[in-house]
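Trainee: This is the structure I have questions about; it appears just below.
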Amino acid sequence: MNFAGEVKQAVTPRAALLVLGVLVLQLLFIASYVGALHRPVPTDVPFGVVAPPQASQQLVTDLDGLPGGPLDPRAVDDAAEARRQIMNREIDGALVVNPTGTTDTLFVASGGGSALATSLEKTTTAALAQQQRTVRTVDLAPASSDDFDGLSSFYLVVGWCVGGYLCASILAISAGSRPASLRRALIRTLVMAVYSVLGGIGGAIIVGPVLGALPGSLWGLAGLGALVVFATGMITLALQALTGIVGIGLAVLIIVIAGNPSAGGAFPLPMLPDFWRAIGPALPPGAGTWVARSIAYFRGNAVTGSLLVLSAWAVAGTALTLLLSLRHKRTDANGTGGTGGTPRPSPGASGSTGTPPGGAHTV
């Protein structure tokens, strides 16, 4: 056999297409991570300003006009209201002007991302230095001393997402990516649900009682983990039921390539470029990271929207998986085999790979 023939046998056309797909995913991975994280710059950060009425609007205008537009300032009635809005995650920081002195107070919440809190401190310090004023920083929701840069929530959610799509991939690869029947699809869904509960509880125990990395409700984090794992796993099963093994690559594209760098983990959302800032909250890693930080540092506030996002992924993945299993069942009933529209030959028919009439084995 010549070299060209050996190449065709070693790398089939289908394998070549899959390798090309992997190359595309690799390049997208590099572009997404580097594009999102190579130059974190705060832009339009929701920011409160508490100042006497005669100075409030002018200060808001001055902060709004800072080069690069790092802040999106708005007047807030008083310090108590500023605290409330920060703890409800409506704003990321607030400046409380001292009307009788030259030292103002900056409220931040490093539990929502230490990089953003540090950036707000530098921005406001530089802006007020021009007016011969200084800043005293008060951290209303400080990250745990065992949670460096507030990253533990992000890594916890990434671990849950990885477990979800790996479990789904194993379930599909072990017995065919497209479920052959509704019963098989239901069994896979049940297994995915049990795995999700175990993964959620296990992850919460590790970051809480074992490592002490995250404060907050153990069972709140466990419930979040179960939802993240299940949502990720079911959308992976659905994509595999729809496209076969290519579905694993599509899941990686959604969860890893698009979802992780846009999750607001390494750098909170206001420090990401517009594209990643826009898609992050709509994907499982971003929604999960937001809720995990809210549970750990913000008394469980502002989680409804993100929980709805995760629930939507879980419901869509489950519904699509079950509907596709019904479609394949109908296809099999019509004698198409569910894969290419070609009727399956009966085991005893002449020309099949079984034993033809006369007892001679087909070679």
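Trainee: Find the residue count for region 288-314, including only residues that are crowded, with 17+ Cβ neighbours inside 10 Å and of a type in the set (K, R).
Mentor: Counting residues in region 288-314 that are crowded, with 17+ Cβ neighbours inside 10 Å and of a type in the set (K, R) gives 1.
Trainee: Scan L63, L17, L59, L27 and give me the residue that is part of a helix (DSSP H, G or I), under 30 Å from L95 (Cα atoms) and without any contact (Cβ under 8 Å) to a residue 60 or more places away in the chain.
Mentor: L59
Trainee: Looking at region 216-240, I want the residues that are not in a helix (DSSP H, G or I) and have a partner that is not β-branched (V, I, T) with Cβ atoms under 6 Å, at least 6 apart or on another chain. Which pairs are those?
Mentor: These pairs meet every condition: G216/A296.
Trainee: Can you report the number of residues in region 127-169 which are part of a helix (DSSP H, G or I) and at positive phi?
Mentor: 2
Trainee: Based on this model, can you work out whether A16 counts as of a type in the set (G, A, S), on the phi < 0 side of the Ramachandran plot and modelled with pLDDT of 95 or more?
Mentor: no
Trainee: Regarding region 109-126, can at least one residue be identified that is touching a residue at least 24 places away in the same chain (Cβ under 8 Å), closer than 18 Å to A55 by Cβ, part of a strand (DSSP E or B) and not aromatic (F, W, Y)?
Mentor: The answer is no, given that none of the residues of region 109-126 is touching a residue at least 24 places away in the same chain (Cβ under 8 Å), closer than 18 Å to A55 by Cβ, part of a strand (DSSP E or B) and not aromatic (F, W, Y).
Trainee: Hey, could you check region 315-330 for residues that are at pLDDT 95 or above and among the small types (G, A, S) and say which is surrounded by the most Cβ atoms within 10 Å (Cβ to Cβ)?
Mentor: My answer is G317.
Trainee: Also, quick follow-up: Taking only region 7-38 into account, find how many residues are surrounded by 11 or more Cβ atoms within 10 Å (Cβ to Cβ) and of a type in the set (D, E, K, R).
Mentor: Residues in region 7-38 being surrounded by 11 or more Cβ atoms within 10 Å (Cβ to Cβ) and of a type in the set (D, E, K, R): 1 in total.
Trainee: Considering A263, A251, A258, which residue is closer than 22 Å to Q26 by Cα, among the aliphatic types (A, V, I, L, M), under 9 Å from the mean Cα position of the chain (by Cα) and part of a helix (DSSP H, G or I)?
Mentor: The unique qualifying residue is A258.
The values are calculated or read from the model by the stated rules, or taken from the named source; none is laboratory data. These numbers were taken from a predicted model, which means no experiment stands behind them. When we count neighbours, we look across all protein chains shown, and the Cβ atoms used for this are built from the backbone with ideal geometry, even at glycine.
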